[in-house]
Amino acid sequence: PAAARPERGVAKPRRGAGGRGVQRLDRPGAVLDPSTEWLVQPFVEVAHDWRTVVVDGEAVAWMRRTPPEGDFRTNLALGARAEACPCPARELADVAVAAATALGLDVAGVDLAVGPDGPVVFEANPAPTTWMPDPGDAARVADALAGLLLRRAAR
């Protein structure tokens, strides 16, 4: 079958990682390989987003991610900048937890931002990295994971 060229949005390979293969569909040359399964979502223009690690119903730690110049992707493997930050808003924490819960995930890395219509979840990763720019945040993630495992072992 011929490759499609959608008019708007972002396409992500269903089995992708590290931001590789993610493309804006409203850019010239955007063509989706028909042999790949794609997830397509609306494009939301933001200057940065946040990654939070949700463990057992709690948004444990946060980082703010800014894409490299000329890119829209905030993936650290592609050169985005990460900085430690506190929870930016209780509403974002609630949305992140709701996303993880809706997917049945006890542990998730949730990527989200505030778009023109409010909070937007870009992705919920079921096997997130536990790296955080601040060692104290990384320790909080490790403690939350250990607590989850201990509670499960006690059952």
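Values as computed for the structure displayed
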{"item": "Peptides 95-107, 78-90 ordered by average Cβ neighbours within 10 Å, highest first", "result": "95-107, 78-90"}
{"item": "Å² per residue, accessible surface of the chain at 1.4 Å", "result": "57 Å²"}
{"item": "Largest-first ellipsoid semi-axes for segment 84-149, taking √(5λ) over the Cα gyration tensor eigenvalues, angstrom", "result": "21, 15, 10"}
{"item": "Electrostatic dipole magnitude of the chain [Cβ: Lys, Arg +1; Asp, Glu -1; Cα centre; debye, to 20]", "result": "400 debye"}
{"item": "Note, ³J(HN,Hα) from phi for segment 104-110, Karplus 6.51, -1.76, 1.60, rounded to Hz, x at Gly and Pro", "result": "x, 9, 6, 10, 7, x, 10"}
{"item": "In Å², nearest 10: area of T130 left accessible to a 1.4 Å probe", "result": "70 Å²"}
{"item": "Fraction of accessible area attributable to carbon and sulfur, the chain (%, probe 1.4 Å)", "result": "54 percent"}
{"item": "Signed unit charges on C-beta, dipole axis of the chain, positive-most listed residue C87, H48, L148", "result": "L148"}
{"item": "Extension reserve of the F43-N125 stretch, reckoned as 0.36 nm per residue once the Cα distance is removed", "result": "27.7 nm"}
{"item": "Segment R81-E69, extension gain: residue separation times 0.36 nm, minus the distance between their alpha carbons", "result": "3.3 nm"}
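The values are calculated or read from the model by the stated rules, or taken from the named source; none is laboratory data. Note that the coordinates shown come from a computational prediction; the quantities given were computed from them, not determined experimentally. Because the Cβ atoms are built from the backbone with ideal geometry, glycine has one as well, and the counts that use them run over all protein chains shown. Ligands, DNA and RNA are stripped out before the accessible areas are found, and what is left, the full protein with its side chains, is counted by its heavy atoms. Shrake-Rupley method; radii C 1.70, N 1.55, O 1.52, S 1.80 Å.
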